[in-house]
1. Which listed residue (A:ILE95, A:PRO29, A:THR336) has the Cα farthest towards the positive end of the charge dipole for the protein assembly as shown, taking +1 on Lys and Arg C-beta and -1 on Asp and Glu C-beta about the Cα centre?
2. If you take the charge dipole of chain B about its Cα centre, with +1 on Lys and Arg Cβ and -1 on Asp and Glu Cβ, which of B:TRP195, B:PRO176, B:TYR136 is farthest toward its positive end?
3. What is chain B by shape, rounded, prolate or oblate, if you read a ≥ b ≥ c off the alpha carbon gyration tensor as root eigenvalues and call it rounded for a/c under 1.5, prolate for a/b larger than b/c, and oblate otherwise?
4. Can you pull the mean other chain C-beta count within 10 Å for peptide A:24-33?
5. Just the number, please: buried accessible area between B and A, total of both chains, 1.4 angstrom probe, nearest 100 square angstrom.
6. According to the square roots a ≥ b ≥ c of the eigenvalues of the Cα gyration tensor, what is the shape class of chain A, taking rounded for a/c under 1.5, prolate for a/b larger than b/c otherwise, and oblate for the remainder?
7. If I build a Gaussian network model for chain A, linking alpha-carbon pairs within less than 10 angstrom, which residue out of A:GLY122, A:GLY215, A:GLY250 has the largest mean-square fluctuation?
8. Simple spin-label model, 7 Å along Cα-to-Cβ: A:GLN172 to A:VAL133 in nm?
Amino acid sequence: MTVPRSAILLEAGGRTYERHGVAVRRLVPVYRGGEDWGEVFTRADAGTIASYVDREGYLRRALANVQRLTYEDLDGDGVREAACVALEAQRDNLITEPENFGAWSTSGGIIKTGGQADPLGGTAAYLLDDPDVAQLSNTALAFTATGDGEKALSLFVRQGSSARSETSLWDQTATTHRHRIAITWSGGVPVLATVTGSGTRYPVSRRGGSWWRIGWSATGVVAANDNRVFIYPAATAGAAADTGTLYAFGAQAEDATFPSSYMKRAGAVVGRAPDTWTLSWPRPPEALTIYAHFVELAQPTWVTISGSPRILQLGASGDTDPRLAVYKDVATDSYTILYDGGTLTGTSPVDLNPVRGDRIELCATLATNGAVAMSGRKNGGTIVAGTPSGANTLGAAWSAQLLSIGCLGATRYADVHLRSLIIASGVYTLPEMAEL
Amino acid sequence: MGGVILLADNLFSGGIGGQYPAHIISAEEEPAGTEAWRVGNARRSPIDKATASTANSTWWIRSVLDRVRAHNCIVLDRGHNLAGKTFELRSTNDATDFSATFETVFDVTMPSVTMPGPIDNGLGVRTEEGAWIKRYPLRTGKAVELFIDAMGANVKPEIVNLWVGLAIDAGQPYLPHDQDSHELLSVSVETESGWIGRARRTRRRRGVITIKLTSYAAYEEQIRYHVMGLFGDGVPMWIVPDGDQAERAFLAVRDGVVSAPLGVGGYGYATVTIPFVEFSPKPF
């Protein structure tokens, strides 16, 4: 069965930009009120700190309250052809000098040369040179974490003359590497490996100008200790000294388990506000199908500030019923649909076991009898169906005529790159919705 | 044969009466009578143009949008003086005065001659009437700017009309399809001997394009907005009858009933019928 076009209530996301020129489908010209949906998008940054990746892979910056369209390679052909809306939670870059490595410490005779071409199209990158085969040259900068636990780190690197470099989150107080990783170049691609410590090594991401962004996490960080990020431009296995160069730019440390998009600190502006996106939804509870197609950014376990990150919620911002939510359940590590009519709550989870960078498609349905069901697939693979909930009663109205996309209230942010969000009246399958 | 490409959307059509009333159109220099907003009014007279006051100097013309929008096509209408000159199109989500980071969508030297070419040609295509058209990979931004390099001693850039917007690939036309159906406009006299004398004459394209949509979804996706909406409202629209021959693009307005009947079965194939008449054609 084909989903009739008359059933489509909403289309939003990166693909909508490609088809309609804007983030939410419009069928009527602007001057005739074609964009009067009560759409509100905010990212209340204190300055221009947010960034995104354009279709050539170059890093670009975005003003506060400007929605970011970042490009992903969804079919693995090395071309960033798919526009996606970036929806991220609030983050701070804890590195006070993410680009000015001249302000970092100098050890072992390291030579730091600024003025190098950087992935932002400027010349703020550094060439880090270890000239002494007898010393393990390095540069480091301390940062202050908020709270103990796992921290995310990231760095832009470009191959110099070194075959192998290293970087680490070092605890000076405990004199231990929380997570030290090696960067080995293979065919121009950086390959990460753990040298010591523990954490997650995330897939590397190509940028324009032969730059790559690497990201990893370090567990067991003690916030009260003296924590430092180290970069060793040239190091052989076994932490032995070597000579060679590495280009570096944009160091970032975050109080989180996974890195977010790069934040260019400027003076007092140290963090990026959350992306919040809402529209009016002047419709009662009814049979619905929600199709969400996105790139997962959070992995491996969805640890949040509080609550479960929202892909979408119909109803008031909070837990006021009746409401419908599609979210990441941090307790079960599943994508879940929930409908709460005020008396009964029904859920249907599906565990796709995603990793960062996976392409996720979810199909969440609400039936006329109030039952919900979730199905999904990862990277175009086999569809996994969750167990539907029991019947429920559809209320006369949602707790608020509000649709929240990728966010809910002040804390529950999706951390996804949204390719497409489609809401249709009626109940349809994932393949049917994916055809739209 | 390439598909029919349509461009009615124009991010430079701002202000009262424009497609995007909240867009702010400005230029580095706007001498009185040649203000920047004129590039979006679709008036094709060469005296209705935007230009600079300083010769042999870089000059930009810019649209600051009311929200992030996507675009993939540019047209410089005839009457410009940029043939053989270098310019670039820029798009930004950063500072809308382009003082910070921005994307250079393309940086070209406009061809001075008309050559056959596809709409995606790297240098763009100069049309048979002297306009210039180019389609490029989709870009988004909060502001878009045309930046023109210094053009030489005593020369100032002149732009009669500028389109930057989302062009749609409407699909293949029903065959047989006449790209060049036209009429002749002139004051004429025919004597008893059959001699015909004419005053200045203008060949004006006029006809109907019927496009077969690949699905009914294609109607909802783009046709309803661009054709039934903008073109239907009398907004001039660039028609490229064959995307592989962009030199034949022309500007047209509606001429009759614009319709898009459903196919057999209600949700089957649909067609869109676009009756057009060329808008302010170039006289002989």
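The values are calculated or read from the model by the stated rules, or taken from the named source; none is laboratory data. Here the structure is a predicted model, which is why all the values come from computation and not from measurement. Ideal geometry is used to build each Cβ from the backbone, glycine not excepted, and the neighbour counts take in all protein chains shown. Side chains are part of the model used for accessible areas, which takes the heavy atoms of the whole protein and leaves out ligands, DNA and RNA. Shrake-Rupley method; radii C 1.70, N 1.55, O 1.52, S 1.80 Å.
1. A:PRO29
2. Going by the Cα projections, it comes out as B:TRP195.
3. The shape class here is oblate.
4. 6
5. Buried area (both sides, nearest 100 Å²): 3000 Å².
6. prolate
7. Fluctuation is largest for A:GLY122.
8. It works out to 3.2 nm between the two label points.
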